[in-house]
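Structure first, commentary second.
The values are calculated or read from the model by the stated rules, or taken from the named source; none is laboratory data. If you're wondering where the values come from, they're calculated on a predicted model, not measured in any experiment. We place every Cβ from the backbone using ideal geometry, glycine too, and count neighbours over all the protein chains shown. The area values use the complete protein model at the heavy-atom level, side chains included, leaving out ligands, DNA and RNA. Shrake-Rupley method; radii C 1.70, N 1.55, O 1.52, S 1.80 Å.
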Amino acid sequence: MSYHDDFELWKEQIENLPSEELKLPDQPVDDFVAGTETLAVEANEDRETLAAAGLDVTLIDDLTPLSGALRYCQATWMSVFRARKEAEAQWRAQAPQAFKFRDELLHHFSFAYRNDDDLQKKVMRIREGASQADMVQDLLELAVLGEKYPEPLNAINFDLAQLQEARTVSHTMSELLAAANGAADDSSTAKLLRDKAYSLLEQKASTIREFGRYVFWKDEDKRKRYYK
């Protein structure tokens, strides 16, 4: 079976894991999964002994496919995380020029509409706020305002092609901002599924390790297998 098949097999149980049982990985997920896959092999060798002590041995059978499901969830989350980090880097690279463009447009608009109180108020309202989201919205509103009242802009020989550019920059930056803001979002679906898959597997592995340490308390070599 593929890791995706493993995920589909465990998807419902992963999604339905109660939030109070959620744990965050305390080590690299790849290392944890590798250790759990090894545990599956070693515990299967001790299957009868562990069963005699009261372990539900279906837990052993669960380890390998659930490990595959966790690998799938981890890969999905890493893909999303890297894409968001890339968007964050692009935002940092492009935002300064976008802010500068917005400020230049405000300068031109303020002068062009200086003799019209209503239009001047509109420009002043757009000028309010200095956040990233404000800049994105300002560019769009300036484009709309300029397209609706082009005559004063033409009078100062303003290049109206910049209005379409403002729309384009606003759209591009809005997409980057949405993605970049998600880079630090620990509540994303992909990450939550990864954490739930980890928690479910960790529960099962911990139970097996607990039984193993109990059963082989006099066999140091075997007991070592059941430590994390």
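Take the Cα of Glu175, step 7 Å toward its Cβ, do the same at Glu37, and the gap between the two points is 3.7 nm.
Solvent-accessible area per residue in the stretch 3-225 equals 55 Å², computed with a 1.4 angstrom probe and all protein chains kept. Helix 189-215 axis versus longest C-alpha principal axis of the chain: approximately 20°, rounded to the nearest ten.
Over the chain, Cα pairs under 8 Å with separation of 6+ residues give a relative contact order of 34 percent.
Relative to the dominant Cα principal axis of the chain, helix 117-127 is inclined by about 30°. Rounded to the nearest 10 square angstrom, Lys11 shows an accessible area of 70 square angstrom against a 1.4 Å probe. Taking the 1.4 Å solvent-accessible surface of the chain as the whole, the part contributed by carbon and sulfur is 50%.
Cβ-Cβ distance of Ala130 and His4, R₀ of 45 Å, FRET efficiency by 1/(1 + (r/R0)^6): the value works out to about 0.50.
In plain terms, the chain from Asp56 to Leu24 could stretch by 9.0 nm, reckoned as 0.36 nm per residue minus the Cα-Cα distance.
In the context of the full protein assembly, Val144 retains an accessible surface of approximately 70 Å², using a probe radius of 1.4 Å and ignoring ligands and nucleic acids.
Set the bar at 18 Å for Cα to Cα. Now go through Lys121/Lys148; Lys196/Lys222; Lys191/Lys228; Lys85/Lys191; Lys11/Lys204 and name every pair that lies beyond it. Table pairs above 18 Å Cα-Cα are Lys196/Lys222; Lys191/Lys228. Taken about its Cα centre, the stretch 3-225 carries a charge dipole of roughly 540 debye when the Cβ of each Lys and Arg holds +1 and the Cβ of each Asp and Glu holds -1. Here the simple spin-label model places points 7 Å from the Cα toward Cβ, and for Ile156 and Arg114 these points are separated by 0.7 nm.
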